[in-house]
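A.B. asks: Provided herewith is a single structure, encoded as structure tokens, for subsequent inquiry.
The values are calculated or read from the model by the stated rules, or taken from the named source; none is laboratory data. It should be emphasised that the depicted structure is a prediction, and the values quoted were computed from it without experimental measurement. Cβ sites come from the backbone with ideal geometry, for glycine too, and all protein chains shown count toward neighbours.
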Amino acid sequence: MAKEQDKILNDVASGEYKYGFYTDIETEKIPRGLSEDIIKLISSKKGEPDWLLEFRLKAFRHWQTMKMPRWANLKIPEINYQDIVYYAAPKQRKTAESIDDIDPELKKTFDKLGIPLEEQKHLTGVAVDAVMDSVSVKTTFKETLAEAGVIFCSFSEAVREYPELVKRYMGSVVPYTDNFFAALNSAVFSDGSFCYIPKGVRCPMELSTYFRINASNTGQFERTLLVADEESYVSYLEGCTAPMRDENQLHAAVVEIIAENNAEVKYSTVQNWYPGDKEGKGGIFNFVTKRGLCRGENSKISWTQVETGSAITWKYPSCILRGDNSVGEFYSVAVTNHYQQADTGTKMIHIGKNTRSTIVSKGISAGFGQNSYRGLVKVLKKAANARNFSQCDSLLLGDKCGAHTFPYIEVDNPTAIVEHEATTSKIGEDQIFYCNQRGISREDAVGLIVNGYAREVLNKLPMEFAVEAQKLLQISLEGSVG
Amino acid sequence: MLSIQNLKVAIEGKVILKSISLEVRPGEIHAIMGPNGSGKSTLAAVLAGRSYPQILEGTVTWFGRNLLEIPPEERSREGIFLGFQYPIEIPGVSMVNFMKTAVNEHRKYKGLEPLSASDFLKLMREKKELVEIDSKLANRSVNEGFSGGEKKKNEIFQMAMLEPKLAILDETDSGLDIDALRIVANGVNKLKRPDNSVIVITHYQRLLDYIIPDFVHVLYDGRIVKSAGKELALELEEKGYEWIKKEVNNQA
Ligand SMILES: Nc1ncnc2c1ncn2[C@@H]1O[C@H](COP(=O)(O)OP(=O)(O)OP(=O)(O)O)[C@@H](O)[C@H]1O
Ligand SMILES: [Mg+2]
């Protein structure tokens, strides 16, 4: 038995990352480093209005007073913020209005990633905003969506075309003072997606943003702003990959969601940033602030995340349940293999009456991976009859990895009911052998068992992506089981 | 098809099987009986390819191939099926998904295309009827929360799905009520073809009323100490193992 365990652990080596290629494309980069001049340069490159530059500069000045957070259960090496390139853009003739304006190399890149930019080639019913490094390359189905009154475009375009909406909502859920990485992002963010669903509209297709880091030595700092007006519905999906490199690259994003009365937003993430190699060299530092505000009554925000990539993940998609009867959900699968570390979870802040939240977190650790769930359920004084149910499960593959849970519960209203359940399990040799005896290889057996374990969360993803995510889970654990 | 010669096996340094020799030819039904702890399940585990028993001596061949070198999943695909004495629960993995993966792996091994979803479900339906398993069980996770008897029936169901050349049924009759016993035995008989073989490990002659063995072996203290026709089972039922133990100990 012990020998078998060793073999399992030794074979951790062979996990393969399938998106590690680099696109050799002419890229415009600004000099390394961070200063007011750099921020002014980014802002002028994007031709931004003064109010936005002001916002950036305020954020930057605030950031300079802050220290990197060290409370997470993560070993984060020192990051030299002056050694990062904060803006890198693949050179294009201009903004791509038609598909013919896009560099064929870029098209090829997204094809390889399974995200064709031609609408007719794409999964029916999914509109994509494709972001490479610091800029949005192309947003598909804009016209179709416009017919329904839905605005879906790059953040930069939103700033140009819908400045009032951006002004009203940007920073209203995640102010630049919120935390170190949110402040950094607010200072240097380059692009991202913007989405507005008007009153009473059920968005006719899935919206998605695909983030690709390509250039070296650069960080990616995008912002996503999603506003669901009264009685509207949207399902949104985010995917991400990066080339394999020895260096660590920083990705510090901000996502803000606002749901008005009776609106519902489903936000799904399949995060597959390059995780580093088997020795823990390289990989993306994924330090992301995601938060949704259920501003209206009966509104609902649901986060689903499948986190398989990144060297380090620091991320807590949260819901502020301000409207009465509003609902927040968090469904998460996080994998850490090799030397990956994740400290992820959620915050559910109950402010309104009869607010409800559900947390289902499934951690999977293999190799030397460290996986922490960190969650806060906070019920404020006025949140009568608030309900929360949390389920945090950990699955361990091997005995050199770790799983940790840090649930925080703060309840200020006696009518609230908060429940927390946690389990830790291992994949047993008996289970694997049972599968073997039916003709199923060890690798496939682990895939089956892991997918079974994560099924409750995977089921929350839009169908097309559930299949992808299932494959991804299996690939990211490849080689971790002998 | 299966030939075991002087097999000696230890678990964690302790010799469990001392010297086992057994020949199973196509079409034969062998019953293995013997007191608790005598090594019956260990023998089954070795044949199925578990890694914790250490093979100290002896050979096992399967159609002329060295069975001990074949990984367990390939043994399954080769047609060796083990009905577990204690079937394992796999939470979250549906029986449908589990069996579909298994059946398609077997098909791939034979160079066949995977079954379409509808053909697969049809096959499931047929086999469920054959072994009279409750349809609802097949929609649940593998063995999760199944009663003892349901787990055993589920083993026979899986056997029906995989149509093995050699089925090793380790106490599949234990924990079954009278009706279930009949159903399981009938299932085994219905699936029996002239060229496939069965090894039934059991404590009760009762099962052998339904599944008529060609040979009955008594495994005691790591050895097959007696082999005879089906009448041996009756004798054991009547007299217990004491007389055999005495016989063996006197010889020693
Ligand atoms: N994994 C194991 N670790 C240690 N000892 C074991 C292990 N498996 C079996 N044994 C020991 O090997 C011996 C034979 O066990 P085995 O399960 O083969 O018996 P059996 O004949 O199947 O008994 P039963 O009729 O009770 O099922 C027993 O003494 C048992 O304790
Ligand atoms: Mg036994």
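A.B. asks: Considering every residue within the range B:86-93, establish whether at least one is within 16 Å of ligand 2 (Cβ to nearest atom), more than 14 Å from every other protein chain (Cβ to nearest Cβ) and buried (at least 19 other Cβ atoms within 10 Å of the Cβ).
C.D. replies: no
A.B. asks: Tell me which residues, restricted to the range A:161-195, are under 21 Å from A:D229 (Cβ atoms) and either among the charged types (D, E, K, R) or touching a helix residue (DSSP H, G or I) at 6+ places or on another chain (Cβ under 6 Å) (or both).
C.D. replies: Hits for the range A:161-195 are A:E161, A:E164, A:V166, A:K167, A:R168, A:V174, A:G192, A:F194.
A.B. asks: Filter the range A:281-320 down to the residues that are farther than 20 Å from A:L458 by Cα and of a type in the set (S, T, Y), then identify the one that is surrounded by the most Cβ atoms within 10 Å (Cβ to Cβ).
C.D. replies: Of everything passing the filter in the range A:281-320, A:S299 is surrounded by the most Cβ atoms within 10 Å (Cβ to Cβ).
A.B. asks: Any idea which residue in the range B:128-151 is farthest from B:T172 (Cα to Cα), counting only those that are within 14 Å of chain A (Cβ to nearest Cβ) and of a type in the set (D, E, K, R)?
C.D. replies: Selected residue: B:R140.
A.B. asks: Taking A:I440, is it touching a residue at least 60 places away in the same chain (Cβ under 8 Å) and of a type outside the set (D, E)?
C.D. replies: No.
Condition check ((1) surrounded by fewer than 21 Cβ atoms within 10 Å (Cβ to Cβ); (2) within 16 Å of ligand 1 (Cβ to nearest atom); (3) within 15 Å of the chain's Cα centre (by Cα)) across all residues:
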| position | (1), (2), (3) |
| --- | --- |
| B:K152 | no, yes, yes |
| B:S174 | yes, yes, yes |
| B:D177 | yes, no, no |
| B:R182 | yes, no, no |
| B:G187 | no, no, yes |
| B:K190 | yes, no, no |
| B:P194 | yes, no, no |
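A.B. asks: Could you tell me whether any residue of the range A:231-244 is surrounded by fewer than 23 Cβ atoms within 10 Å (Cβ to Cβ), among the charged types (D, E, K, R) and touching a residue at least 40 places away in the same chain (Cβ under 8 Å)?
C.D. replies: no
A.B. asks: So which residues in the range B:35-45 are out of contact with any Leu (no Cβ under 7 Å at 6 or more places or on another chain) and not polar (S, T, N, Q), if there are any at all?
C.D. replies: Hits for the range B:35-45 are B:P35, B:G37, B:A45.
A.B. asks: A:T415 versus (1) within 14 Å of chain B (Cβ to nearest Cβ); (2) out of contact with any Pro (no Cβ under 7 Å at 6 or more places or on another chain): which is the lone unmet condition?
C.D. replies: Every listed condition holds for A:T415 apart from (1).
A.B. asks: Could you list all residues from the range B:130-150 that are under 21 Å from the mean Cα position of the chain (by Cα) and free of Cβ contacts under 8 Å to residues at least 40 places away in the same chain?
C.D. replies: B:I133, B:S147, B:G148, B:G149, B:E150
A.B. asks: Would you mind finding the one in B:E105, B:E78 that is at the interface with chain A (Cβ under 8 Å from one of its Cβ atoms), in contact (Cβ under 8 Å) with a residue 24 or more places away in the chain and either over 23 Å from B:L166 (Cβ atoms) or buried (at least 17 other Cβ atoms within 10 Å of the Cβ) (or both)?
C.D. replies: Only one candidate qualifies: B:E105.
A.B. asks: Follow-up question, since we're still on this one. So the check is Cβ under 9 Å with 6+ separation or different chains; which pairs have a first residue in the range B:165-178 that's on the phi > 0 side of the Ramachandran plot and a second one that's at pLDDT 95 or above and part of a helix (DSSP H, G or I)?
C.D. replies: Within 9 Å, the pairs are B:E171/B:K40; B:E171/B:S41.
A.B. asks: Specify which of the listed residues (B:A138, B:A44) is surrounded by 15 or more Cβ atoms within 10 Å (Cβ to Cβ), within 16 Å of ligand 2 (Cβ to nearest atom) and not hydroxyl-bearing (S, T, Y).
C.D. replies: Result of the check over B:A138, B:A44: B:A44.
A.B. asks: Within the range B:1-40, can you find the residues that are buried (at least 19 other Cβ atoms within 10 Å of the Cβ) and within 16 Å of ligand 2 (Cβ to nearest atom)?
C.D. replies: The answer is B:V9, B:I16, B:L17, B:I20, B:H30, B:A31, B:I32, B:M33, B:G34, B:S38, B:G39, B:K40.
A.B. asks: Name the pairs whose Cβ atoms lie under 6 Å apart, with the first residue in the range B:21-37 and touching a residue at least 12 places away in the same chain (Cβ under 8 Å), the second among the charged types (D, E, K, R), and 6 or more positions between them or separate chains?
C.D. replies: Partner pairs satisfying both residue conditions: B:P26/B:D195; B:G27/B:D195; B:E28/B:D214; B:I29/B:D214; B:I32/B:K40; B:G34/B:K40.
A.B. asks: Which of the residues that make up the range A:321-330 are under 18 Å from the mean Cα position of the chain (by Cα) and surrounded by 24 or more Cβ atoms within 10 Å (Cβ to Cβ)?
C.D. replies: A:G328, A:F330 - these are the residues of the range A:321-330 that are under 18 Å from the mean Cα position of the chain (by Cα) and surrounded by 24 or more Cβ atoms within 10 Å (Cβ to Cβ).
A.B. asks: Among the numbered criteria (1) of a type in the set (K, R); (2) in contact with a strand residue (DSSP E or B) (Cβ under 8 Å, 6 or more places away or on another chain); (3) within 16 Å of ligand 1 (Cβ to nearest atom), which one does B:R50 miss?
C.D. replies: B:R50 satisfies all of (1) of a type in the set (K, R); (2) in contact with a strand residue (DSSP E or B) (Cβ under 8 Å, 6 or more places away or on another chain); (3) within 16 Å of ligand 1 (Cβ to nearest atom) except (2).
Yes/no matrix, rows are residues, columns are (1) in contact with a strand residue (DSSP E or B) (Cβ under 7 Å, 6 or more places away or on another chain); (2) surrounded by fewer than 24 Cβ atoms within 10 Å (Cβ to Cβ):
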residue	(1), (2)
A:K353	no, yes
A:G363	yes, no
A:Y373	yes, no
A:L376	yes, yes
A:K381	no, yes
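A.B. asks: Run B:V142 past the list (1) farther than 24 Å from B:R107 by Cβ; (2) at pLDDT 90 or above and report the number of the one that doesn't hold.
C.D. replies: If we test B:V142 against (1) farther than 24 Å from B:R107 by Cβ; (2) at pLDDT 90 or above, just (1) comes out false.
A.B. asks: Among the candidates A:L472, A:L380, A:L458, A:L396, single out the residue that is away from chain B (no Cβ under 14 Å), of a type outside the set (K, R) and in contact (Cβ under 8 Å) with a residue 40 or more places away in the chain.
C.D. replies: Criteria check complete, one pass: A:L472.
A.B. asks: Filter the range A:436-455 down to the residues that are hydrophobic (A, V, I, L, M, F, W, C) and at the interface with chain B (Cβ under 7 Å from one of its Cβ atoms) and list them by number.
C.D. replies: Result: A:I440, A:L448, A:I449.
A.B. asks: Which one is farthest from ligand 2 (Cβ to nearest atom) among residues in the range B:153-203 that are closer than 17 Å to B:Y86 by Cβ, within 14 Å of chain A (Cβ to nearest Cβ) and in a helix (DSSP H, G or I)?
C.D. replies: Only one residue fits best here, namely B:F157.
A.B. asks: Would you pick out the residues in the range B:1-44 that are small (G, A, S) and near ligand 1 (Cβ under 7 Å from one of its atoms)?
C.D. replies: B:G34, B:G37, B:S38, B:G39, B:S41
A.B. asks: Another one. Given the criteria crowded, with 24+ Cβ neighbours inside 10 Å and of a type in the set (A, V, I, L, M), does A:A182 qualify?
C.D. replies: When the stated conditions are applied, A:A182 passes them.
A.B. asks: Regarding the range A:20-31, can at least one residue be identified that is in contact with a helix residue (DSSP H, G or I) (Cβ under 9 Å, 6 or more places away or on another chain) and either in a helix (DSSP H, G or I) or on the phi > 0 side of the Ramachandran plot (or both)?
C.D. replies: no
A.B. asks: Would it be correct to say that B:I70 is more than 16 Å from ligand 2 (Cβ to nearest atom), crowded, with 17+ Cβ neighbours inside 10 Å, more than 9 Å from chain A (Cβ to nearest Cβ) and over 30 Å from B:L234 (Cβ atoms)?
C.D. replies: Judged against the criteria, B:I70 is a match.
A.B. asks: Please name all residue pairs, on different chains or six or more residues apart, with Cβ atoms under 7 Å, provided the first residue is in the range B:39-64 and is closer than 19 Å to B:K18 by Cβ and the second residue is of a type in the set (S, T, N, Q) and part of a loop (DSSP other than H, G, I, E, B).
C.D. replies: Qualifying pairs under 7 Å: B:S41/B:Q85.
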